[in-house]
Amino acid sequence: MEIKRNLQGEYVTQKAGKNIDISSLELKAIELEQVKPIPVDFFIAQKTRVLVITGPNTGGKTICLKTIGLAALMAKSGLHVLCSESVQIPWFDSVFADIGDEQSLTQSLSTFSGHLKHISDIQSQSTSHSLVLLDEVGAGTNPHEGAALGMSLLESFAETDALLTIATTHHGELKTLKYSNDAFENACMEFDDVKLKPTYRILWGVPGRSNAINIAERLGLPGKVVDNARELYGAASAGIDEVIIDMEQLKQGFQKLLYEGQHHLMLSRESYEKLLVAKRKIMEHSTDQRLRKMREISEAAAMARSILHKKVRQHRASLVQPLQPTLTHKSQHKLETNSQRSTDDKHQMEKRSASFLSSSEKFGLPKVGNLVFVSSLGKKATVLKVEPSKEEIVVQAGNMKLKLKLEDIKM
């Protein structure tokens, strides 16, 4: 395989001696898929101008710098920032980074001088709205001089140069800046002292330890050399590390409780939302049941009224039906009487008088209080009033008062 490309007017040729092993690449891809990424949380207060991250080598300090820089550039470009919750990122006009080895033989630059040149350019170009990322500030020279130079640089960025500066370092002196300047904040990369491996998590507010001696021991350095290094490191420094260890453990416990609290808060919110949904469903069900009951009661009342009215009509019809022949006879009799009166009033009067006399002679005229038998009702009734001139009487049968003709009753 031969690859050619044009670089600054010159052709660069690269020849591969053997083909790429696709199976090994597939195996590497499978391994990468099985290794789950470790999420990192960043909580930087608005008053913080400089964040100092310390911790062991290969602990993830540089990755944190790159993660913050990429997130800032993605937000500035309008891209979605990969995170589990909503993000609040300041608007940075520029993102400056001094990461990696800047040594150059052509420019006679060592690692230290290459870093200084780059940082000098950043200071001249950064504004009060810039993000500055510095990896291993003050490294590459005498530790005491490098620490002093690093402290001066970070104080300069905190006062005038950048909106936010994040620096990684192994210099213990830089960890003390937080306790003399409120614009500084400490953070460290967590280290598992049992497994002697970094966990790649950040502990906020705690100065970190380099753990160089422990890492050297894990990497297989002879035990005699490691023990001698611990003696040379000194009891005072070891005591400081013990204090830092206690602070880390306290911070880890606090972080654990914080995560548990956030988890329970999330569960409480979910339970509260479920309770609201259940309450709404119960209220809707109660309303539906109340309306259904009211509808059933209304239908039952309407049916009862209908049945009651039907029974009343049937009862009234049963009382009126036996009287229909008498009423019909009376109406017909009135029509005949009216027609006969128009032709012969005198004859009608004689007829009525004769009828009255015959009725009186046949039955006898009842008196008030007498009991008479009403044929249409089939029962006895009490005489309340007698009208001889009309040949009518008023009787009471139970709760009914009736006006009858004399021929409708029997003594």
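The values are calculated or read from the model by the stated rules, or taken from the named source; none is laboratory data. As the structure is a computational prediction, the values presented were derived from the model and not from experiment. Note that each Cβ is placed from the backbone with ideal geometry, even for glycine, and that neighbours are counted across all protein chains shown.
The set of residues in region 287-344 being modelled with pLDDT of 60 or more, of a type in the set (Lys, Arg) and over 28 Å from residue 378 (Cβ atoms) consists of 290, 292, 293, 295, 305. For region 382-411, filtering for residues that are in contact (Cβ under 8 Å) with a residue 24 or more places away in the chain and surrounded by 14 or more Cβ atoms within 10 Å (Cβ to Cβ) leaves 9. Return the residue satisfying two criteria in turn: it lies in region 188-198 and is loosely packed, with under 15 Cβ neighbours inside 10 Å and either assigned to a strand (DSSP E or B) or acidic (Asp, Glu) (or both), and of such residues it is modelled with the highest pLDDT. Looking at the filtered set, the residue picked out is 192. Entry remark, region 127-141: residues being surrounded by fewer than 22 Cβ atoms within 10 Å (Cβ to Cβ), over 13 Å from residue 52 (Cα atoms) and in contact with a helix residue (DSSP H, G or I) (Cβ under 7 Å, 6 or more places away or on another chain) number 3 in total. Kindly indicate the residue of region 142-187 that is among the hydroxyl-bearing types (Ser, Thr, Tyr) and over 24 Å from residue 255 (Cα atoms) and also surrounded by the fewest Cβ atoms within 10 Å (Cβ to Cβ) among those meeting that condition. Result: 180. Could you check region 67-100 and list, in sequence order, the residues that are in contact (Cβ under 8 Å) with a residue 40 or more places away in the chain and in a helix (DSSP H, G or I)? Within region 67-100, 68, 69, 72 meet the criteria. Scanning region 240-286 for residues that are at pLDDT below 90, of a type in the set (A, V, I, L, M) and either over 26 Å from the mean Cα position of the chain (by Cα) or outside the structural domain of residue 207 (by TED's automatic domain parsing) (or both) gives 240, 243, 244, 245, 247, 250. Taken as a whole, region 37-45 holds at least one residue that is surrounded by fewer than 17 Cβ atoms within 10 Å (Cβ to Cβ), of a type in the set (Phe, Trp, Tyr) and under 26 Å from residue 256 (Cα atoms). Condition check: touching a Ser or Thr at 6+ places or on another chain (Cβ under 6 Å), modelled with pLDDT of 85 or more and of a type in the set (Asp, Glu). Does residue 135 satisfy that? Taking the combined requirement at face value, the residue satisfies it. In region 190-216, the residues that are closer than 20 Å to residue 65 by Cβ and of a type in the set (Lys, Arg) reach residues that are in a strand (DSSP E or B) and at pLDDT 75 or above with C-beta atoms within less than 8 angstrom, at least six apart or across chains, in these pairs: 201/189; 201/190; 209/54; 209/188; 209/191.
The listed residues are 51, 70, and the only one of them that is surrounded by 13 or more Cβ atoms within 10 Å (Cβ to Cβ) and farther than 13 Å from residue 187 by Cβ turns out to be 70. Count of region 41-66 residues, restricted to those that are within 24 Å of residue 138 (Cβ to Cβ), among the aliphatic types (A, V, I, L, M) and part of a loop (DSSP other than H, G, I, E, B), is 1. Taking the criterion of being in a helix (DSSP H, G or I) and acidic (Asp, Glu), the only residue of region 127-145 that qualifies is 145.
A quick yes/no check of all residues on (1) touching an Asp or Glu at 6+ places or on another chain (Cβ under 7 Å); (2) of a type in the set (A, V, I, L, M); (3) under 23 Å from residue 318 (Cα atoms):
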site: 367; (1), (2), (3): no, no, no
site: 370; (1), (2), (3): no, no, no
site: 376; (1), (2), (3): yes, no, yes
site: 382; (1), (2), (3): no, no, yes
site: 391; (1), (2), (3): no, no, no
site: 395; (1), (2), (3): no, yes, yes
site: 401; (1), (2), (3): no, no, yes
